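Following: one structure in structure tokens, then a few remarks.
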Amino acid sequence: MELRYAVSIATLSIITGAETAILRTKTTNVPSVTKNIVSLLKDMEETMKSANGLGLAAPQVGQSLRLCLACINDKITPLINPEILWKSNEEEIAEEGCLSLPGIFVPVPRSRCITLNFIDLKGHSQERKLASIDARIVQHELDHLEGILIVDYQ
């Protein structure tokens, strides 16, 4: 007899509105990578894909946790307790949208290059140097973890 396991991936609701409290609250660090964290990140990935997003932060799905997803080198990358270790002085201004602010686009200045530290799904610390769109996406998602939205750049 063959055993089969059902995998349930849910699409979560994306919270919208510039004045919504959870989107304006600084998140708390994730103490450890648990099955619940991995499951939440998988659900967030499904949600991000169905919304055609380039990133998604936990507060956008109602969780005040320091975790997010970001497209890095065209691959969806889970970032747990991410922090920017270094930002270049060189900035680029580009128009950004946000899944939590549908229909709103704002020119946002971002550092062209960053060095990022984060925990991966296996609980290992990672460090990456990012540039251009990858750096922009990560900076946008990390703003969410600090309670900052693109409308704050207007």
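The values are calculated or read from the model by the stated rules, or taken from the named source; none is laboratory data. Worth saying up front: this structure is predicted, and the values here are computed from it rather than measured. Ideal geometry is used to build each Cβ from the backbone, glycine not excepted, and the neighbour counts take in all protein chains shown. Remember, those area values only see protein heavy atoms, side chains included, never the ligands or the DNA or RNA. Shrake-Rupley method; radii C 1.70, N 1.55, O 1.52, S 1.80 Å.
Of all aspartates and glutamates in the structure, those lying under 17 Å Cα to Cα from residue 26, and not within fewer than 8 positions of it along the same chain, are 83, 141, 143, 146, 152. Within the accessible area of the stretch 81-154, the carbon and sulfur atoms contribute 50%, probe 1.4 Å, all protein chains present.
Under a 1.4 Å probe, what is the accessible area of the stretch 1-96 per residue, stated in Å²? Intermediate results must be reported in sequence, preceding the final value.
Values: 6070 Å² over 96 residues.
Accessible area per residue: 63 Å².
Multiply the residue gap between residue 11 and residue 90 by 0.36 nm, knock off their C-alpha separation, and tell me the result in nm, one decimal place.
On the way: separation 79, 0.36 × 79 = 28.44 nm, distance 3.74 nm.
Contour length minus Cα-Cα distance gives 24.7 nm.
Helix 35-50 and the long axis of the chain differ in direction by around 60°, with both axes built from C-alpha atoms. For the chain, the longest principal axis of the alpha carbon atoms and the long axis of helix 132-145 meet at an angle near 70°. Only Cα pairs under 8 Å and 6+ residues apart enter the sum, and on that basis the relative contact order of the stretch 77-154 stands at 31 percent.
Under unit Cβ charges (Lys, Arg +1; Asp, Glu -1), what dipole magnitude, rounded to 20 debye, does the chain have relative to its Cα centre? Walk me through the numbers on the way to the answer.
On the way: 15 positive and 19 negative charges, 86 e Å.
It works out to roughly 420 debye.
Excluding residues fewer than 8 places away in the same chain, name every one of the aspartates and glutamates whose C-alpha is closer than 16 Å to that of residue 35. Candidates past the 8-residue exclusion: 43, 45, 120.
Which value, in debye to the nearest 20, describes the size of the charge dipole of the stretch 78-152 about its Cα centre when Lys and Arg Cβ atoms bear +1, Asp and Glu Cβ atoms bear -1, and nothing else is charged?
Using only the charged Cβ atoms, the result is roughly 240 debye.
Mean residue ellipticity at 222 nm, helices only, the chain: -6500 deg cm²/dmol; runs of at least 4 DSSP H residues each add -39,500 (n - 2.57), and the sum is divided by the number of residues. Judged by the ratio a/c of the largest to the smallest principal axis of the C-alpha gyration tensor, the chain counts as prolate, that ratio being 1.5 or greater while a/b is larger than b/c. Annotation: lysines with alpha-carbon distance below 17 angstrom to residue 129 (same-chain offsets under eight excluded): 75, 87.
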